[in-house]
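The values are calculated or read from the model by the stated rules, or taken from the named source; none is laboratory data. Everything quoted here is computed from the prediction, not taken from an experiment. Cβ coordinates were reconstructed from backbone atoms using ideal geometry, including for glycine residues, and neighbour counts include every protein chain displayed. In case anyone asks, the SASA skips ligands and DNA or RNA and just uses the protein heavy atoms, side chains included. Shrake-Rupley method; radii C 1.70, N 1.55, O 1.52, S 1.80 Å.
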Amino acid sequence: MKRPLLTLGLLLATTAGLAGPGAHGPDGEHLDQAGPAHASGLLRLPDGSVNVPKIAQRRMGIRTRLAPETEAAATLELPGRVVQDPNASGRVQASHGGRIEPGPNGLPVPGQAVRKGDVLAWLHHHAEPFAQANQEAQRAELRAGRQLAEQRLKRLEGLEGTVPRKEIDAARLEAQSLAARERSIAASLDQREPLRAPVSGVVARSELMAGQVIDARDVLVDIVDPARLMIEAQAVDLTLGQRIAGAALAGVEGVKLQLAGVPRTLRDGTLPLSFRARADMAAPLAVGQTVSVIVALKDRAKGIVLPADAVVRSPVNEAVVWIKTGAERYLPQPVQVTPLDAKTVLVTRGLAADNRVVVQGAALIAQIR
């Protein structure tokens with residue numbers, strides 16, 4: 001009895017394997033259609049293309065569009081860094097050596113907002129022991145001379161009418177002069193200098209500590225205006241300054257760049273181009289930060305303008321875009337791109353005007369394996 005059952009099972013299996021188009025199983029299933037290779041239907045095919053079902057496309061938010069060829073300004077990408085704007089930044093230095101004492105609101109910390117004229121700290125001056133001893137001796141000598149001058153003035157004032165008026169006036173002036181000199185020496189012994197903010201802005205760096213002993217010309221505090229910074233880019237082409245039509249930062253939004261001028265001096269064999277940056281308070285810029293400056297030239301170049309998010313990297317680190325070749329199929333296409341600004345790029349090679357390019361969700365498609 002077992003042998004006929006086994007033979008029947010093999011016959012059914014063979015029939016399912018050799019079923020023709022439209023064949024159905026005992027439960028109504030299609031025997032001529034293979035089941036999905038992946039439970040969700042997301043699959044990378046052997047030719048590198050990706051199968052994405054409609055429901056997955058909506059879930060991933062994939063958007064495509066036809067990319068016609070157009071003209072745009074030719075661009076170059078230059079290395080640069082963020083520097084201070086000398087017209088919107090300041091530096092606090094000591095004119096003499098001394099000891100640091102906290103200001104009325106304590107010592108400043110990086111990131112703290114300050115206003116021009118605020119007392120950031122007090123600098124208590126100190127002198128060499130020999131110089132201080134000389135000042136103390138001079139102060140004692142002036143005190144004794146002032147006391148003698150005041151006593152002489154009192155005696156002359158008591159003899160008013162019998163002594164000439166000019167002698168009384170001379171004695172009074174002498175006593176006043178000695179008193180002023182004594183006050184000056186006393187102030188120099190216990191003098192402290194206020195360290196004030198030279199501009200309004202944000203503390204970028206602070207080297208102050210309570211009780212710290214500093215020397216003259218030490219840099220203590222740097223203050224910058226985060227909305228007014230400068231970008232210094234390095235160019236090799238000495239004629240580039242005359243061909244610049246505009247500039248932007250790669251990957252940084254909310255920043256407007258304006259060429260400050262073209263210098264006539266090289267630095268380390270390159271031409272330092274300075275751009276004034278007008279940035280939003282939320283823009284991620286900090287002094288000393290390295291950035292990429294996208295310089296738009298007056299020359300024009302043909303290509304296809306796409307959002308920067310449409311370009312992703314392949315497993316071999318090659319720039320590619322995804323082209324929709326069917327209702328559920330997407331094909332990677334290597335391209336050559338140049339950035340136009342922080343949000344858009346210009347594809348110069350690799351695309352045709354009738355290609356439907358993925359402009360949203362390209363990074364998600366690239367992750368499908």
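Here are the numbers:
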read-out: Ratio of Rg to Rh over the chain (Cα coordinates, Kirkwood Rh, two decimals); value: 1.39
read-out: Rough spin-label spacing in nm, given labels placed 7 Å along Cα→Cβ, for Gln258 and Glu69; value: 3.8
read-out: Spin-label pair Leu43/Gln147, simplified geometry with 7 Å Cα→Cβ offset, distance in nm; value: 10.9
read-out: Vicinal HN-Hα couplings computed from phi for region 269-275 (Karplus, 6.51 cos²θ - 1.76 cosθ + 1.60; Hz; Gly/Pro x); value: x, 10, 9, x, 9, 9, 10
read-out: Rounded accessible area per residue of the chain, 1.4 Å, Å²; value: 60
read-out: Extension gain from Arg155 to Glu136, taking 0.36 nm per residue of separation minus the Cα-Cα distance; value: 3.9 nm
read-out: Backbone HN-Hα couplings from phi across region 57-66 [Karplus 6.51/-1.76/1.60, Hz, Gly and Pro as x]; value: 4, 5, 5, 7, x, 6, 10, 10, 7, 6
read-out: Cα-based Rg / Dmax (Å) for region 259-369; value: 18.2, 58
read-out: Sites Val163 and Arg99 - FRET efficiency at Förster radius 41 Å, r taken between beta-carbons, to 0.05; value: 0.20
read-out: Accessible-area composition of region 142-256, carbon plus sulfur, in percent [1.4 Å probe]; value: 52
read-out: GNM result for the chain, Cα springs below 10 Å: residue of Asp85, Asp118, Asp354 fluctuating most strongly; value: Asp354
read-out: Label point distance in nm, Arg183-Leu297, each placed 7 Å from Cα along Cα→Cβ; value: 7.1
read-out: Distance-filtered residues of region 63-99 - backbone nitrogen under 20 Å, label point 7 angstrom along Arg278 Cα→Cβ; value: 82-89
read-out: C-alpha center-to-center spacing [region 89-111, region 218-261] in angstrom; value: 29
read-out: Residue of Asp225, Asp309, Asp237 that the Gaussian network model of the chain assigns the largest fluctuation, springs spanning Cα pairs under 10 Å; value: Asp237
read-out: At R0 = 51 Å, FRET efficiency that the Cβ-Cβ distance of Ala308 and Arg217 yields, to 0.05; value: 0.65
